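Participant: First the structure, which I've put down as structure tokens, then a few questions once you've had a look.
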Amino acid sequence: GQQVMQIPQYQHVQEGEDFTTYCNSSTTLSNIQWYKQRPGGHPVFLIQLVKSGEVKKQKRLTFQFGEAKKNSSLHITATQTTDVGTYFCAGHSNYQLIWGAGTKLIIKP
Amino acid sequence: GAVVSQHPSRVICKSGTSVKIECRSLDFQATTMFWYRQFPKKSLMLMATSNEGSKATYEQGVEKDKFLINHASLTLSTLTVTSAHPEDSSFYICSARRAGGTGELFFGEGSRLTVL
């Protein structure tokens, strides 16, 4: 079946270091969405990418959609404690929304 | 902005009883609502998709007779866990897609079910 693989499962960083999570789909996606779930909270929509090769920025967050529309990444520059949480990608394919497993961002004390 | 309210946030019940969880879109009409289950430190597991006025579409492995979903209006969907057992204890979350929107999902706060 259709799958979206998301890696890594966890990433431990020092505050101020960068963070990246990657999603790779087995099929071409019509669009991809990114969500953030804080510990104990519910997922919150961050952004949607639609165009091949699209790059969007939200302050320290950079989202990319691959040329083939099968992969995507989220990069956070200079992480802060407020960035802690799990980041999910979700890709639309054949009228289905397929979720990645999420990447948990952990800031080292 | 779009708000989805989920109730109750926490529920504890005895084994064998049924529990109903409500998901309401407060300021928009939701043509489609989704129900998920999330285990501790795990990803979201889509259980079913419900469209207003029609039967829910369940994901493979999800028992439709155990997890009854009703989407009676454009602002309300309910999930009833019937004859609950301890293994049904989990975090259940709903999301809604706004009619005429760009496709993003708005999530409820989630409901933590504990079955004793």
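Participant: Looking at (1) in a strand (DSSP E or B); (2) under 26 Å from B:A99 (Cβ atoms); (3) not polar (S, T, N, Q), find the lone condition where B:I12 falls short.
Facilitator: (2)
Participant: Sticking with this one: Name every residue in segment A:91-109 that is small (G, A, S) and more than 8 Å from every other protein chain (Cβ to nearest Cβ), in order of residue number. I'd like the intermediate steps shown before the answer.
Facilitator: So in segment A:91-109, the residues small (G, A, S) come out as A:91, A:93, A:100-102.
Matches in segment A:91-109: A:G91, A:S93.
Participant: Kindly provide the set of residues from segment A:1-19 that are loosely packed, with under 15 Cβ neighbours inside 10 Å and assigned to a strand (DSSP E or B), ordered by number.
Facilitator: Those that are loosely packed, with under 15 Cβ neighbours inside 10 Å and assigned to a strand (DSSP E or B): A:M5, A:I7, A:Y10, A:H12, A:Q14.
Participant: Looking at B:K20, B:K64, can you tell me which residue is modelled with pLDDT of 90 or more, open to solvent by 60 Å² or more (accessible area, probe 1.4 Å), in contact with a Lys or Arg (Cβ under 9 Å, 6 or more places away or on another chain) and more than 13 Å from every other protein chain (Cβ to nearest Cβ)? Don't jump to the end; show me each part of the working.
Facilitator: Working: B:K20 fails: in contact with a Lys or Arg (Cβ under 9 Å, 6 or more places away or on another chain).
Criteria check complete, one pass: B:K64.
One line per residue, one yes/no per condition, for (1) within 13 Å of the chain's Cα centre (by Cα); (2) surrounded by fewer than 20 Cβ atoms within 10 Å (Cβ to Cβ); (3) at pLDDT below 95:
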| site | (1), (2), (3) |
| --- | --- |
| A:I47 | yes, yes, no |
| A:E67 | no, yes, no |
| A:A78 | no, yes, no |
| A:D83 | yes, yes, no |
| A:Y87 | yes, no, no |
| A:H92 | no, yes, yes |
| A:Q96 | no, yes, yes |
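Participant: All but one of (1) open to solvent by 70 Å² or more (accessible area, probe 1.4 Å); (2) modelled with pLDDT under 95 hold for A:K51; state the number of the condition that does not hold.
Facilitator: The one condition A:K51 does not meet is (2).
Participant: Just to be sure before I move on: is A:K70 away from chain B (no Cβ under 13 Å), more than 30 Å from B:S50 (Cα to Cα) and of a type in the set (K, R) in the structure I sent? Talk me through it step by step, then tell me what you get.
Facilitator: Numbers: away from chain B (no Cβ under 13 Å): yes; more than 30 Å from B:S50 (Cα to Cα): no; of a type in the set (K, R): yes.
So A:K70 does not fit the description; no.
Participant: Hey, among B:S25, B:S5, B:S90, which residue is touching a Lys or Arg at 6+ places or on another chain (Cβ under 8 Å), within 26 Å of A:Q3 (Cα to Cα) and either surrounded by fewer than 19 Cβ atoms within 10 Å (Cβ to Cβ) or at pLDDT 90 or above (or both)?
Facilitator: On the way: B:S25 fails: within 26 Å of A:Q3 (Cα to Cα); B:S5 fails: within 26 Å of A:Q3 (Cα to Cα).
Result: B:S90 is the single residue among B:S25, B:S5, B:S90 that is touching a Lys or Arg at 6+ places or on another chain (Cβ under 8 Å), within 26 Å of A:Q3 (Cα to Cα) and either surrounded by fewer than 19 Cβ atoms within 10 Å (Cβ to Cβ) or at pLDDT 90 or above (or both).
Participant: Report, ordered by the first and then the second residue, all pairs with beta carbons closer than 6 Å, sequence separation of six or more or different chains, a first member in segment A:20-31 that is open to solvent by 60 Å² or more (accessible area, probe 1.4 Å), and a second member that is aliphatic (A, V, I, L, M).
Facilitator: What qualifies is A:Y22/A:I7; A:N24/A:M5.
Participant: Does B:K14 satisfy the criteria of being more than 14 Å from the chain's Cα centre (by Cα), closer than 19 Å to A:W99 by Cβ and open to solvent by 30 Å² or more (accessible area, probe 1.4 Å)?
Facilitator: Details: more than 14 Å from the chain's Cα centre (by Cα): yes; closer than 19 Å to A:W99 by Cβ: no; open to solvent by 30 Å² or more (accessible area, probe 1.4 Å): yes.
So B:K14 does not fit the description; no.
Participant: Continuing with the same structure: Taking the condition of being touching a Ser or Thr at 6+ places or on another chain (Cβ under 8 Å) and either more than 17 Å from A:M5 (Cα to Cα) or part of a loop (DSSP other than H, G, I, E, B) (or both), how many residues in segment A:62-82 meet it?
Facilitator: Residues flagged as touching a Ser or Thr at 6+ places or on another chain (Cβ under 8 Å) and either more than 17 Å from A:M5 (Cα to Cα) or part of a loop (DSSP other than H, G, I, E, B) (or both) within segment A:62-82 amount to 8.
The values are calculated or read from the model by the stated rules, or taken from the named source; none is laboratory data. The structure presented is a predicted model; accordingly, all values stated were derived computationally and were not measured. Every residue, glycine as well, gets a Cβ built from its backbone with ideal geometry; the counts of neighbours run over all protein chains shown. Please note that ligands, DNA and RNA were not included when accessible areas were found on the heavy atoms of the full protein model with its side chains. Shrake-Rupley method; radii C 1.70, N 1.55, O 1.52, S 1.80 Å.
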